[in-house]
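Quick notes on the structure that follows.
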Amino acid sequence: MTGVLLVDDEPLVLVGIQSMLKWEDYDAQVVGAARNGAQALELIDKLRPDLVIADIKMPVMDGLKLMETAQKTYQEPPLFIMLTSFEEFAFVKEAINRQAVDYLIKLELTQQALLGALRKAQERLAARRHAEPARRRPPTERFGMQPFYDRFFIRLFNSLFESEEQMRSQQKELGVDFSFDAYVVCHCELPDLTAQSMSQERLMNLYSSTTRMAWETATRFMACYITPLDPRHFNITFCLSEQEAPIYQEAVGAVLDKVVEVAYNYFSVRLLCRVGAKVARPMELSGSYYTARLCLPERGGPEGAVVFFDGEGGSDSVFDMALYRRALTRAFEDQDAGALEQIMDQIIDSIRAHPARRLQAMDAACNLLFLCLSQFTNGEEIVSQIFENEPEGYRCVYRQRTIPEIAGWIAALRTGLVQALRSQRQGYKDQIIRQIKAYIQANLSQRLTLNNVAAVFGFSPNYLSQLFARQADQTFVEYVNSEKIRAAKEMMREEHVKVYEIAERLGFENAFYFSKVFKKIEGCSPREYAQKLKQD
């Protein structure tokens, strides 16, 4: 039976939650109640509940501090469901990052919502006890890795992977689950609220909160990933199971109806959700993304709607960046301003030659934008400076409605990039190496192959190998091994661990290979090194 502790500084809330469910019918029992976080800590130590339902804002100690303290104190801390209101959404985000099971809006709390959160917690408890997941969901993002997830999906949406092998390598590195039967992209658009009398900061917070709430709502019902595109647009990539794939319009439509309802009820924002064609492979997501944007006319259309691609208007292919990708990548890698200018001029000419293909032109602009952001260590800074006079920065690309406007945006990007390349050739490659070294040090527990790391940073393995050897005075493999052995020695000094345990923790294939690398670098085996430590 699931032991539940209730924590809220309002007595009526405590009474209301306790009476909302007949807990025993759902294999649960309310074991206690507290009025603040400090009292709750005492009860957690005394009662050891499985689940704590706590208000975020409380006197003495708030809900977030309570959760943080419990997680640091106990090896198996209780799970947390947070009670909140709209004004506290920033705290909700922090709670989610701290692995809260769910959050419940107090003013909108219903028996169904409370039961759903309880079931979610019981699933996670079962997973903890039996060391296996209760249901398939995309993995929780690793700290600091969200930009890499976003870049990965943007590359898929815009057909920027050179091969499926390259895509699979990065997918494995990031832990993206593509073991589903089918996939579909929903392109979500928030209304333009700039005309309303609110500050830019408040407007951005509203957009961000709506996007996060949409993701939280969608993942309650179906496996999916969210990818922000700009302040007013984001994509939801739905991963369809064997049961969901044949009825994807019904299944996805039901989820999106919930998303639209939540966005309007909590934020008074009317979302437009356009769902593209179903595809069988992740490499085909660009087609689903493209057809999603064909669902409605570019101007007008209903607000707060969910629309599916009807199969019409999708015969034209997405802009083929394969004609330019290799040359662009080489120009970026070599910091060749002249070559880059020439290639982008060709793209602009090609766009202007086909005035009826606005979507393809927009794809080309987005592809170029992504390449700039991913190929430069400080790409975000460079491109932001180019469009610093635009209210939305470089994301104003999504406001370009005609071929001349899109071509003009690309021309501005070209001019700014050429100027930046000519002024910053020195030091750029050193910055790349510093960033790669930081990534390696933060992921020593992973199997860090040249191909995988090159894929994460958007380089070819051959280029990364040559760059590392020239700039770091050692090969990529030498640096990875030296950092892993450094970490291994720290473990030996601070912990009582076996050789095979260290090998597993540091991502080596086996203990034998770990010992071989250790001896090559240190001149002695791990066991000999451990014996020397005991003697010292």
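Quick check: at a probe of 1.4 Å, how many percent of the accessible area of the chain sits on carbon and sulfur atoms?
On the way: 12310 of 26060 Å².
Answer for the chain: carbon and sulfur cover 47 percent of the accessible area.
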Checking the cross-link filter: which lysines have an alpha carbon closer than 28 Å to that of Lys57, excluding same-chain neighbours under 8 positions apart? Lys22, Lys46, Lys65, Lys72, Lys93, Lys106, Lys120, Lys258
Which distance in nm do the two modelled labels at Tyr264 and Asp334 give, with both placed 7 Å along the Cα-to-Cβ direction? 5.6
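Note down the magnitude of the dipole of the chain about its Cα centre, charges +1 on Lys and Arg C-beta and -1 on Asp and Glu C-beta and zero elsewhere, to the nearest 20 debye.
The dipole of the chain has a size of about 1260 debye.
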For the chain, with every protein chain kept in place, what is the accessible area per residue (1.4 Å probe, Å²)? 49
Read-out semi-axes √(5λ) of the Cα gyration tensor in Å, candidates (1) 36, 33, 22; (2) 41, 36, 21; (3) 61, 23, 21; calculated match is (2)
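Find how much the distance from Glu405 to Leu47 grows on full extension, using 0.36 nm per residue of separation minus their present alpha carbon separation; answer in nm with one decimal.
Numbers: separation 358, 0.36 × 358 = 128.88 nm, distance 6.47 nm.
Once the chain is fully extended between Glu405 and Leu47, it gains 122.4 nm.
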State, as an integer percentage, the relative contact order of the chain based on alpha-carbon contacts under 8 Å between residues 6 or more apart. 9
Measure of exposure for Lys489: accessible area at 1.4 Å probe, Å² rounded to 10, is 40
I'd like the Karplus ³J(HN,Hα) series for the range 183-192: coefficients 6.51, -1.76, 1.60, θ = phi - 60°, whole numbers in Hz, and an x wherever there's a Gly or Pro. 9, 8, 9, 10, 9, 9, 10, 8, x, 7
Dipole-positive endmost among Leu421, Phe180, Gly276 within the chain (Cβ charges, Cα centre): Leu421
Excluding residues on the same chain fewer than 8 positions from Lys534, give the aspartates and glutamates whose Cα lies under 20 Å from its Cα. Glu490, Glu494, Glu495, Glu501, Glu522
Which helices of the chain meet both criteria: a Cα extent of 18 Å or more along the helical axis and a mean Kyte-Doolittle score no lower than -1.0, with helices taken as whole DSSP H segments? 111-130, 200-219, 248-267, 322-334, 337-352, 358-375, 403-423, 428-442, 476-494
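To the nearest 20 Debye, how big is the dipole of the range 419-505 about its Cα centre, given +1 on the beta carbon of each Lys and Arg and -1 on that of each Asp and Glu? Provide the component values of the computation, followed by the final result.
Values: 13 positive and 9 negative charges, 71 e Å.
In debye, rounded to 20, the range 419-505 gives about 340.
The values are calculated or read from the model by the stated rules, or taken from the named source; none is laboratory data. Given the structure is predicted, the values throughout are model-derived calculations rather than measurements. Quick reminder, even Gly has a Cβ in these numbers, built from the backbone with ideal geometry, and neighbours come from all protein chains shown. For the accessible areas, the whole protein counts, side chains as well, though only heavy atoms, and no ligand, DNA or RNA atoms are used. Shrake-Rupley method; radii C 1.70, N 1.55, O 1.52, S 1.80 Å.
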